[in-house]
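Note sheet for the following structure.
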Amino acid sequence: MTRAIRIGTRGSPLALAQARMAATALRDMHGLSPAQIEIVPVTTTGDRIKDRPLAELGGKALWTKELDECLGDERIDISVHSMKDVESFRPAEFTIAAMLPRADVRDRLIGASGLDSIPRGARFGTSSPRRAAQLLSRRPDLATVPFRGNVETRLRKIEMGEADATLLAAAGLDRLDRRDVGVPLDDLLPAPAQGAVGIEIRTGDGRMRSLVAAIDHASTHICVSAERRLLMGLGGDCRSPIAALALLDDGRIHLRAEILSPDGSEVIRGERRFPVDDGEAPGQLAAELLGRASAALRSLFTG
């Protein structure tokens with residue numbers, strides 16, 4: 001190998017941990033030395049602006065724009081992403097060539113032992129439309145307050161009393177060795193692609209495609225791809241409360257999903273089982289959900 005593989009990543013502690021996971025997988029698979037892989041932190045717009053919701057700033061592209069620029073002009077060879085932060089429609093010049101094994105998809109409740117134990121009228125910190133809607137559908141008495149920042153920042157905000165409780169992804173906590181933090185919630189569907197780490201390449205880069213394909217976790221890739229096709233069918237953006245989870249069940253995909261009004265007063269749920277090679281079924285489920293939704297809820301989606 002003539003030069004080191006340059007892995008582009010956001011510079012947050014969690015993003016760096018995920019980039020190291022990818023680097024370790026590549027080294028182990030191909031017998032590379034540490035010197036043959038370089039991690040290149042890239043500051044994204046989403047990292048720089050932390051005081052406003054993503055929906056006001058341009059959505060998920062805030063996490064990928066600068067990485068795309070570095071990948072496109074060959075300053076890096078691959079990008080490592082949290083898949084839930086990657087737009088459904090990506091430029092044709094890039095390809096998600098692999099995904100690492102998916103981690104715990106659940107959210108963990110921070111600041112209380114359960115949803116029922118949160119005091120009435122408490123302030124719930126979240127900037128996620130999906131989490132806010134799911135919480136309000138169960139606890140309409142809660143007041144949601146904006147809550148951004150990396151994992152440690154949000155944990156510190158709870159300690160300082162900026163909010164009474166919040167939700168964090170179990171996968172991120174685990175990857176930062178914070179497995180003892182929070183209470184897992186089993187009855188909340190996660191964000192589409194939550195817990196998955198994707199590796200993106202330039203579409204025409206055959207060398208990287210071959211190297212990266214060798215560490216692809218097939219079942220994760222299959223399930224996350226189904227969730228992302230559902231997103232495409234819904235046409236939602238970062239303002240649209242969407243939850244979804246696909247699992248492999250006896251060789252078939254079991255996809256569950258829900259769309260919600262921002263205040264949680266309307267929740268439309270659905271599920272479908274289909275063969276792995278059925279690329280149309282997620283879009284059909286999306287159409288079914290939208291067809292059962294009110295006009296007000298459908299207006300949150302562009303599909």
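The values are calculated or read from the model by the stated rules, or taken from the named source; none is laboratory data. Bear in mind that the values here come from a model prediction, so they are computed numbers and not experimental data. With ideal geometry, Cβ positions are generated from the backbone for all residues, glycine too; neighbour counts draw on all protein chains shown.
Screening the candidates 199, 242 for the property of being surrounded by 15 or more Cβ atoms within 10 Å (Cβ to Cβ), assigned by TED's automatic domain parsing to the domain that holds residue 95 and under 14 Å from the mean Cα position of the chain (by Cα) yields one hit, 199.
Going by the structure shown, is residue 24 surrounded by fewer than 16 Cβ atoms within 10 Å (Cβ to Cβ), outside the structural domain of residue 239 (by TED's automatic domain parsing), over 15 Å from the mean Cα position of the chain (by Cα) and at pLDDT 95 or above? It is true that residue 24 is surrounded by fewer than 16 Cβ atoms within 10 Å (Cβ to Cβ), outside the structural domain of residue 239 (by TED's automatic domain parsing), over 15 Å from the mean Cα position of the chain (by Cα) and at pLDDT 95 or above.
Pick from the range 121-163 the residues that are acidic (Asp, Glu) and outside any helix (DSSP H, G or I): which of them is surrounded by the most Cβ atoms within 10 Å (Cβ to Cβ)? Looking at the filtered set, the residue picked out is 162. Within the range 173-224, the set of residues being without any contact (Cβ under 8 Å) to a residue 24 or more places away in the chain and more than 29 Å from residue 154 (Cα to Cα) comprises 206, 207, 210, 218.
Criterion first (more than 22 Å from residue 19 (Cβ to Cβ) and touching a Gly at 6+ places or on another chain (Cβ under 7 Å)) does residue 233 satisfy it? When the stated conditions are applied, residue 233 passes them. Checked against (1) more than 22 Å from the chain's Cα centre (by Cα); (2) surrounded by 18 or more Cβ atoms within 10 Å (Cβ to Cβ), residue 114 passes all but condition (2). Among the residues of the range 78-93, those identified as touching a residue at least 40 places away in the same chain (Cβ under 8 Å) and either closer than 19 Å to residue 12 by Cβ or buried (at least 23 other Cβ atoms within 10 Å of the Cβ) (or both) are 78, 79, 80, 81, 82, 83, 84, 86. Just to be sure before I move on: is residue 245 touching a residue at least 60 places away in the same chain (Cβ under 8 Å) and within 30 Å of residue 24 (Cβ to Cβ) in the structure I sent? Considered against the rule, which asks whether it is touching a residue at least 60 places away in the same chain (Cβ under 8 Å) and within 30 Å of residue 24 (Cβ to Cβ), residue 245 comes out as yes.
With respect to being touching a Leu at 6+ places or on another chain (Cβ under 6 Å) and among the hydroxyl-bearing types (Ser, Thr, Tyr), residue 219 fits the description.
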